[in-house]
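**Q** Sharing a structure here in structure tokens format.
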Amino acid sequence: MRIEVTDDIRARARAVRSVDDLAAVLTDIAACNGGEGVTRQKLRYWSRIDQDEVYMRFAEGGRLRDTRYHHFDIPKKSGGVRHIAAPARALKRLLRYVNAFLGCLFTPSAYATGFVEGCSVVDNAQRHLGANYVFNTDLRDFFPSVTRKMVYDRLLREPFGFDKGLAALLSNLCCMRVFDADGALHYILPQGAPTSPTITNMICDRLDERLAGLAEAYGATYSRYADDMTFSSNHNLFDPKGSFLKKMQKVIASYGFALNADKTRLARRGRRQEVTGLVLSPEKVNVARRYMRQLRSTLYVWERYGYAVAVRTFVYGKRRSPGKRLENILYGQLQWVRLVRGDEDPVYQALQARLEACLEACADQLEPDEEGMAYPETLTVPDFEAKHRCHLQLKRVASGREGEFRLAGFFRLHGTDVPVRVHESACTLPLDVMQVTLCIHPDRGYSWVLHRPHRLAEG
């Protein structure tokens, strides 16, 4: 969600010196974007980070967590999980206004390309084209490494120059209180808050200048996209025992960060060179071949075998969330290709045309009914098993009421059980006369339903 700010608000933001001034500017930003006003009391309420009533006991391990945030984990592509702390709706709305306010005062360093308006991963990668050596690394636990004190100290310095009271309020507002596994208390930047990306660039601006100066002294180029750092050079400066890496690590440590050794890699010319997920060639930045192969493969399966098989293969088969619709996944992937290769690129245009042809061919199947539901495929169980190369099974599971059970279905796909809901109308019929329908709910996405022939009511 983009927050609009007028030139008059930008001018007033530069004059903020008190909590009342801040509340007035945030109210103007909210009014510009159809939101409610921001009062001094609201700012005080949401910044009460040191009061115990803002915490609750977390179910697992009995640890305390900040109740202003919803905590959950998402899987990383490289393995493991990434912890996300998403602010409550009212706090999130307020932090969007605060983020716009900070943006009125702060300009990221010339070496930062992440969370910077007008910059992208493409701009970041282009800076390293033609280099003989490309060295990638990232900062370990980037967001949690930014502490409340770091934010507070940064807000005291230019271009902000806030007094201690206002700096304390803003740092409390933008940070959260956590307890680690040993019960030690920390105040950190939440990964998931609207203000956190901007604040990381604020914290890292001097670090960027130091690292860029070090790189220049050695004839290298430096850039940073969020926590991903890239250095490139025509000379191999990146020997672990060499002076450049030792000095680089010393600079990074002096700002409270540490390198992630598992994400550190060096690529020489003639081998695969990547920067923030993009492939470098001597002349241009490109999308990785495996990405393009996956995109073409998905479109081919849809064209050759139909929408339902493509959903089974590339949504369930890739263990994506069933809430993500196939056509939206493909559209997002094509927009990535468009960003990297450009609107006029013939490869992008051809793939986009194929997606549009697929959508047109199954427009009737994807047309929602009055309740917003769509049913792209209905097959008898034998036909479903033959087409999808699987075996549908039924089992009894607890219904939620003591002593009661219900039927549930599933089929195996790449070692994972894919659930099939059994409609109550089908509970007394033989399996081979039932039908299986792929359903698309407007909010919940995909589900498979086993039901009596020609009778399905998604409840």
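**Q** Output the number of the condition that Ala353 fails; it satisfies all remaining conditions of (1) open to solvent by 70 Å² or more (accessible area, probe 1.4 Å); (2) modelled with pLDDT of 95 or more.
**A** Looking at each condition in turn, Ala353 falls short on (1).
**Q** Going by what's in this entry, would Tyr305 be described as under 30 Å from Glu377 (Cβ atoms), touching a Pro at 6+ places or on another chain (Cβ under 9 Å) and not basic (Lys, Arg)?
**A** So Tyr305 fails the test.
**Q** Next up: For the stretch 370-381, which residues satisfy the criterion of being surrounded by 14 or more Cβ atoms within 10 Å (Cβ to Cβ) and not aromatic (Phe, Trp, Tyr)?
**A** Met373, Ala374, Pro376, Glu377, Thr378, Leu379, Thr380, Val381
**Q** All but one of (1) surrounded by fewer than 13 Cβ atoms within 10 Å (Cβ to Cβ); (2) touching a His at 6+ places or on another chain (Cβ under 9 Å); (3) not hydrophobic (A, V, I, L, M, F, W, C) hold for Glu385, so report the exception by its number.
**A** Status for Glu385: all satisfied but (1).
**Q** Tell me, yes or no, whether the stretch 37-50 has at least one residue that is within 21 Å of Cys175 (Cβ to Cβ), of a type outside the set (S, T, N, Q) and at pLDDT below 85.
**A** Within the stretch 37-50, one or more residues are within 21 Å of Cys175 (Cβ to Cβ), of a type outside the set (S, T, N, Q) and at pLDDT below 85.
**Q** Among the residues that make up the stretch 73-95, is at least one of them in contact (Cβ under 8 Å) with a residue 24 or more places away in the chain, under 22 Å from the mean Cα position of the chain (by Cα) and under 24 Å from Leu207 (Cα atoms)?
**A** Checking the stretch 73-95: not a single residue is in contact (Cβ under 8 Å) with a residue 24 or more places away in the chain, under 22 Å from the mean Cα position of the chain (by Cα) and under 24 Å from Leu207 (Cα atoms).
**Q** Can you find a residue in the stretch 421-432 that is touching a residue at least 40 places away in the same chain (Cβ under 8 Å) and open to solvent by less than 10 Å² (accessible area, probe 1.4 Å)? Reasoning before the result, please.
**A** Step one: of the stretch 421-432, the residues touching a residue at least 40 places away in the same chain (Cβ under 8 Å) are 431-432.
Within this subset, residues satisfying the condition of being open to solvent by less than 10 Å² (accessible area, probe 1.4 Å) are none.
The answer is no, given that none of the residues of the stretch 421-432 is touching a residue at least 40 places away in the same chain (Cβ under 8 Å) and open to solvent by less than 10 Å² (accessible area, probe 1.4 Å).
**Q** Moving on. What number goes with the only condition from (1) more than 18 Å from Pro322 (Cα to Cα); (2) part of a strand (DSSP E or B); (3) among the acidic types (Asp, Glu) that Glu385 does not pass?
**A** The one condition Glu385 does not meet is (2).
**Q** Which ranges mark the helices (runs of 4 or more DSSP H) fully within the stretch 216-321 that have 1 or more residues being open to solvent by 70 Å² or more (accessible area, probe 1.4 Å) and more than 30 Å from Phe384 (Cα to Cα)?
**A** 243-254, 289-305
For (1) under 21 Å from the mean Cα position of the chain (by Cα); (2) modelled with pLDDT of 95 or more, each residue gets a yes or a no:
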{"position": "Tyr133", "(1), (2)": "no, yes"}
{"position": "Leu156", "(1), (2)": "no, yes"}
{"position": "Gly161", "(1), (2)": "no, yes"}
{"position": "Leu173", "(1), (2)": "no, yes"}
{"position": "Phe179", "(1), (2)": "no, no"}
{"position": "Tyr187", "(1), (2)": "no, no"}
{"position": "Thr198", "(1), (2)": "yes, yes"}
{"position": "Asn201", "(1), (2)": "yes, yes"}
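**Q** When the stretch 334-346 is examined, which residues are found to be under 18 Å from the mean Cα position of the chain (by Cα) and open to solvent by 30 Å² or more (accessible area, probe 1.4 Å)?
**A** Gln335, Trp336, Leu339, listed by residue number.
**Q** Would you mind telling me which numbered condition in (1) in a helix (DSSP H, G or I); (2) over 13 Å from Leu299 (Cβ atoms); (3) acidic (Asp, Glu) Glu327 fails?
**A** Every listed condition holds for Glu327 apart from (2).
**Q** Another one. Is it true that Gly409 is touching a residue at least 24 places away in the same chain (Cβ under 8 Å) and part of a loop (DSSP other than H, G, I, E, B)?
**A** Working: touching a residue at least 24 places away in the same chain (Cβ under 8 Å): yes; part of a loop (DSSP other than H, G, I, E, B): no.
So Gly409 fails the test.
**Q** Looking only at helices (runs of 4 or more DSSP H) that lie completely in the stretch 86-202, which have at least 1 residues being closer than 28 Å to Lys263 by Cα and open to solvent by 40 Å² or more (accessible area, probe 1.4 Å)?
**A** 121-126, 142-145, 148-156
**Q** Further question: Under 9 Å by Cβ, and 6 or more places apart or on different chains, what pairs join a residue from the stretch 359-384 that is farther than 16 Å from Tyr305 by Cα with one that is assigned to a helix (DSSP H, G or I) and open to solvent by 80 Å² or more (accessible area, probe 1.4 Å)?
**A** Thr380/Asp432; Val381/Asp432; Pro382/Asp432
Residues checked against (1) in contact (Cβ under 8 Å) with a residue 12 or more places away in the chain; (2) outside any loop (DSSP other than H, G, I, E, B):
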site	(1), (2)
Arg10	yes, yes
Val16	yes, no
Glu36	no, no
Gln41	no, yes
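**Q** Go over the candidates Arg206, Arg210 one by one and state the one that is out of contact with any helix residue (DSSP H, G or I) (no Cβ under 7 Å at 6 or more places or on another chain), open to solvent by 50 Å² or more (accessible area, probe 1.4 Å), modelled with pLDDT of 95 or more and assigned to a helix (DSSP H, G or I).
**A** Residue meeting the stated conditions: Arg206.
The values are calculated or read from the model by the stated rules, or taken from the named source; none is laboratory data. As the structure is a prediction and not an experimental result, all values here were calculated from the model. No Cβ is skipped: glycine too gets one built from the backbone with ideal geometry, and neighbour counts run over all protein chains shown. Protein only, heavy atoms only, side chains kept; ligands, DNA and RNA dropped before computing areas. Shrake-Rupley method; radii C 1.70, N 1.55, O 1.52, S 1.80 Å.
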